[in-house]
Amino acid sequence: MCLIYMLDKIINKARFIKRTILDHHRNKYVSYLTAIQNLYKFRNIKYEMYNLESVKKFRTSDTIFILGAGPSLNLLEQKHFETISKHNSFGINFTFLKEEIIPTFHQISYETSWGLPYQTRILSSRRKSLNDTVFFLNNKALYRMGHPRITPYYFSEEPKCCLYELPDPISLERPRPFTDSDFDKTVFYRGTLTIVLELVLKLGYKNIVLLGVDPDKVAYFFEDMEEMKPYCDRLYKRYREQGMKQYENMVPKGKKFNTIDVYLYALKDYLSRKRDVNLFVGFKNNMLNPGIPAYFE
């Protein structure tokens, strides 16, 4: 049995290395020549690198606000911003456009699509304002050569980064409800929101508030911003061509049989029962309420 276990580990490790090499070859962010040139060009950039344990020093509250890009993010008023500023926040992708909130942490998906270069351009004028924000970087992005001295434009001007290993997501073998054993391993399921939920749980937060998470809407809080018009035009055109009328994670895909609302309801119940953690949405008019309570009302 011991020999079989060891062989199984070796085989799994070999498969991981093969997948990593293939992913790097297909999805590396820059050419090897550019990587070498950038390493020299940006050799004097001072950056700080943390792991999931050491980054906890930036946690100043037991409450964290996760920022999604849905239109309800525009419901926030000055009184809400004041409350958020007393706690911690975790931005996702374009939420740095909400200038009233400087996030404690931020996660860019770093997927190699047309959206990443656009996001980099939009980020460029805001990098300095995010110098106190810790950017989270998973091992897959690192293997693709995402690094403050190779791709500094993915981070703030004075980068603070937290490197973490991307867990295997929950995979359902058939259509069925989530079980406690699913969430015991990881709460990462599909999309950047669920990896951020995994991260904030590892950081030890007890109250998690979802802002701008609107699963029933194909819309974004930034769609009226002039600089985002080309991005939204292209994105909405793709949605129309695909006949998409709701958030893409509201459509089962592959072994992701359960939609994101089903996931969030199950997660709220699990966190309350098993981890003594409270999950909230921002406002009562969110489609997830009353299944998930509202924090501000």
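The values are calculated or read from the model by the stated rules, or taken from the named source; none is laboratory data. Not measured: the values here are computed from a predicted model. Using ideal geometry, Cβ is built from the backbone for each residue, glycine included, and neighbour counts are taken over all protein chains shown. Side chains included, ligands, DNA and RNA excluded: accessible areas come from the protein's heavy atoms. Shrake-Rupley method; radii C 1.70, N 1.55, O 1.52, S 1.80 Å.
I'd like the full set of residues that are open to solvent by less than 10 Å² (accessible area, probe 1.4 Å) and β-branched (Val, Ile, Thr), limited to region 65-100. If the condition is that a residue be open to solvent by less than 10 Å² (accessible area, probe 1.4 Å) and β-branched (Val, Ile, Thr), then ILE66, ILE84, THR95 are the ones that fit. Evaluation of GLY115 against the conditions (1) under 19 Å from the mean Cα position of the chain (by Cα); (2) surrounded by fewer than 17 Cβ atoms within 10 Å (Cβ to Cβ); (3) modelled with pLDDT of 95 or more shows that the sole unmet condition is (3). Here is a list: ARG127, ARG176. Which entry is open to solvent by 10 Å² or more (accessible area, probe 1.4 Å), under 24 Å from SER89 (Cβ atoms) and out of contact with any helix residue (DSSP H, G or I) (no Cβ under 7 Å at 6 or more places or on another chain)? Of the residues listed, the single one that is open to solvent by 10 Å² or more (accessible area, probe 1.4 Å), under 24 Å from SER89 (Cβ atoms) and out of contact with any helix residue (DSSP H, G or I) (no Cβ under 7 Å at 6 or more places or on another chain) is ARG127.
Here is a yes/no grid of residues against (1) part of a loop (DSSP other than H, G, I, E, B); (2) out of contact with any Gly (no Cβ under 8 Å at 6 or more places or on another chain):
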residue: ASN44; (1), (2): yes, yes
residue: MET49; (1), (2): no, yes
residue: SER72; (1), (2): no, no
residue: LYS79; (1), (2): no, yes
residue: GLU82; (1), (2): no, yes
residue: THR112; (1), (2): yes, yes
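Got a sec? Which of ILE195, ILE208 is in contact with a Phe, Trp or Tyr (Cβ under 6 Å, 6 or more places away or on another chain) and at pLDDT 95 or above?
Working: ILE208 fails: in contact with a Phe, Trp or Tyr (Cβ under 6 Å, 6 or more places away or on another chain).
Testing whether each residue is in contact with a Phe, Trp or Tyr (Cβ under 6 Å, 6 or more places away or on another chain) and at pLDDT 95 or above leaves just ILE195.
Return the pair list, or none, for Cβ contacts closer than 6 Å from residues in region 247-267 that are open to solvent by less than 20 Å² (accessible area, probe 1.4 Å) to residues that are of a type in the set (Lys, Arg) and outside any helix (DSSP H, G or I), at least 6 apart or on different chains. Listed by first residue and then by second, the contacts come to ASN249/ARG190. Under the condition of being open to solvent by less than 80 Å² (accessible area, probe 1.4 Å), under 19 Å from GLY212 (Cα atoms) and not hydroxyl-bearing (Ser, Thr, Tyr), the residues counted in region 223-243 number 5.
Only a single item in (1) among the aliphatic types (A, V, I, L, M); (2) touching a His at 6+ places or on another chain (Cβ under 8 Å); (3) touching a residue at least 60 places away in the same chain (Cβ under 8 Å) is not met by ILE150, and it is number (2). Cβ-Cβ distances below 6 Å connect the following pairs, each with a first residue in region 90-101 that is under 20 Å from LEU197 (Cα atoms), a second residue that is among the hydroxyl-bearing types (Ser, Thr, Tyr) and in a helix (DSSP H, G or I), and a separation of six or more residues or different chains: ILE92/THR192. Could you please let me know if VAL209 is in contact with a Leu (Cβ under 7 Å, 6 or more places away or on another chain), open to solvent by less than 20 Å² (accessible area, probe 1.4 Å) and either at negative phi or aliphatic (A, V, I, L, M) (or both)? Judged against the criteria, VAL209 is not a match.
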